[in-house]
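S.K.: Before I ask anything, let me first share the structure, which is written out below as C-alpha cells.
The values are calculated or read from the model by the stated rules, or taken from the named source; none is laboratory data. Given the structure is predicted, the values throughout are model-derived calculations rather than measurements. Every residue, glycine as well, gets a Cβ built from its backbone with ideal geometry; the counts of neighbours run over all protein chains shown.
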Amino acid sequence: MLRLGITGGIASGKSTISAMLREMGFIVLDTDSVAKAMIEPGYPAHHKIVRVFGSSVLNAGNNINRAALAKIVFDDPIKLKQLNAIVHPRVEEYISTEFSKLERDGTQSAAFVEAALIVEAGLDKILDGLVVVWCEPRQQISRLMARGFTEEESRLRIRSQLPVEEKLQHATERIDCSGSLENTRQQVEQLATKLREVRPTV
C-alpha cells in the first residue's frame, strides 16, 4: 500500500481534494481532527501547551482556546515552532499507527493523510509520495476572508507557512485548485486512476 500525503497552503483546496478521494473509495486520514483531540484536557499535549503558553490560552471549561493560541503563535515564529514541537510527534505516531492498520487490512492500493504542515514537520520523509494542492494567493485570501478572517489575518496565516513554491518542490503529484471545481475533479480522477492501476481499491 502506498502511503501518500496531501498538503498545500491554507485555504488552497486540501479538504476538497480529500473529500473527492473519499468519494472515490480511498481512505484519507484527517490530522486536523486528531490534533484537536490531542489538546483536550487529560491529554499530555494539553498540559504541555498550558505550561509553555500559560493559562491565558484556556477558556472557562479548561479547554484550549484555539483562537487565542493561534493569535499567539501566528504572531511569533518561535512560539509556532514550540507548538509544533508539542503536537507534531504525536500526530506522526498516529499516522504511522493508522497506516500500519490499513496495510494489515490489505484492501487499499493507497491511503492518504491530509495535513497542512507535512513538509514543515518532515512527515514527507515517512511517505511514499506527496500530493501538493495549490491555488493563487489572491484566492487563498478570498477564501480565508469568506471564513471570517480579515485580510491582514489571512496574509499572516499564509506567511506563517512554507511558501507553496517550496512545497511544490517536494511534490510527486500536483493538483491545481485555481480553476473550476470540475477541472479539479478531473485531476483527482486522473490520480485515482493511476493509483488503481497499482491494485484496485475495495
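S.K.: How many residues, within segment 150-184, are under 19 Å from the mean Cα position of the chain (by Cα), at pLDDT 95 or above and among the charged types (D, E, K, R)?
M.R.: Residues in segment 150-184 being under 19 Å from the mean Cα position of the chain (by Cα), at pLDDT 95 or above and among the charged types (D, E, K, R): 3 in total.
S.K.: Going through I95, I118 one at a time, which residue ends up being of a type in the set (V, I, T), under 14 Å from T7 (Cβ atoms) and in contact with a Gly (Cβ under 7 Å, 6 or more places away or on another chain)?
M.R.: Sole residue among the options that is of a type in the set (V, I, T), under 14 Å from T7 (Cβ atoms) and in contact with a Gly (Cβ under 7 Å, 6 or more places away or on another chain): I118.
S.K.: Follow-up question, since we're still on this one. Return yes or no: is T97 at pLDDT 95 or above, assigned to a helix (DSSP H, G or I) and among the β-branched types (V, I, T)?
M.R.: The answer is no for T97.
S.K.: To continue, here is another question. Which of the residues belonging to segment 28-59 are in contact with a helix residue (DSSP H, G or I) (Cβ under 6 Å, 6 or more places away or on another chain) and in contact (Cβ under 8 Å) with a residue 40 or more places away in the chain?
M.R.: V28, L29, T31, V34, A35, M38, I39, A45
S.K.: Moving on. Exactly one condition in (1) outside any strand (DSSP E or B); (2) under 22 Å from D30 (Cα atoms); (3) modelled with pLDDT of 95 or more is not met by S142; state its number.
M.R.: (2)
A quick yes/no check of all residues on (1) without any contact (Cβ under 8 Å) to a residue 12 or more places away in the chain; (2) surrounded by fewer than 21 Cβ atoms within 10 Å (Cβ to Cβ); (3) closer than 23 Å to D76 by Cβ; (4) not β-branched (V, I, T):
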site: D105; (1), (2), (3), (4): yes, yes, no, yes
site: D128; (1), (2), (3), (4): no, yes, no, yes
site: W134; (1), (2), (3), (4): no, no, no, yes
site: Q140; (1), (2), (3), (4): no, no, yes, yes
site: R147; (1), (2), (3), (4): no, yes, yes, yes
site: R155; (1), (2), (3), (4): no, yes, yes, yes
site: E165; (1), (2), (3), (4): yes, yes, no, yes
site: Q169; (1), (2), (3), (4): yes, yes, no, yes
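S.K.: Next question, about the same structure. Considering only residues of segment 62-84 that are among the hydrophobic types (A, V, I, L, M, F, W, C) and out of contact with any helix residue (DSSP H, G or I) (no Cβ under 9 Å at 6 or more places or on another chain), which is surrounded by the fewest Cβ atoms within 10 Å (Cβ to Cβ)?
M.R.: Here the answer is I78.
S.K.: OK, next. Is it the case that F112 is free of Cβ contacts under 8 Å to residues at least 24 places away in the same chain and aromatic (F, W, Y)?
M.R.: Judged against the criteria, F112 is not a match.
S.K.: Mind checking whether some residue in segment 152-171 is part of a strand (DSSP E or B), among the small types (G, A, S) and more than 28 Å from H47 (Cα to Cα)?
M.R.: no
S.K.: Same structure, new question: If a residue has to be crowded, with 17+ Cβ neighbours inside 10 Å and either of a type outside the set (A, V, I, L, M) or assigned to a helix (DSSP H, G or I) (or both) to count, how many in segment 174-184 make the cut?
M.R.: Number of matching residues: 2.
Let's see how each residue does on (1) closer than 16 Å to K14 by Cα; (2) within 15 Å of the chain's Cα centre (by Cα); (3) modelled with pLDDT of 90 or more; (4) assigned to a helix (DSSP H, G or I):
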{"position": "Q108", "(1), (2), (3), (4)": "no, no, no, no"}
{"position": "A116", "(1), (2), (3), (4)": "yes, yes, no, no"}
{"position": "A121", "(1), (2), (3), (4)": "no, yes, no, no"}
{"position": "R138", "(1), (2), (3), (4)": "no, no, yes, yes"}
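S.K.: Could I ask something else about it? Quick check on segment 1-53: of everything there that is under 13 Å from the mean Cα position of the chain (by Cα), in a loop (DSSP other than H, G, I, E, B) and not β-branched (V, I, T), which residue is modelled with the lowest pLDDT?
M.R.: G9
S.K.: If you don't mind, there's one more thing I want to ask. Can you tell me which of L80, L69 is closer than 22 Å to V113 by Cα, within 20 Å of the chain's Cα centre (by Cα) and part of a helix (DSSP H, G or I)?
M.R.: Only one candidate qualifies: L80.
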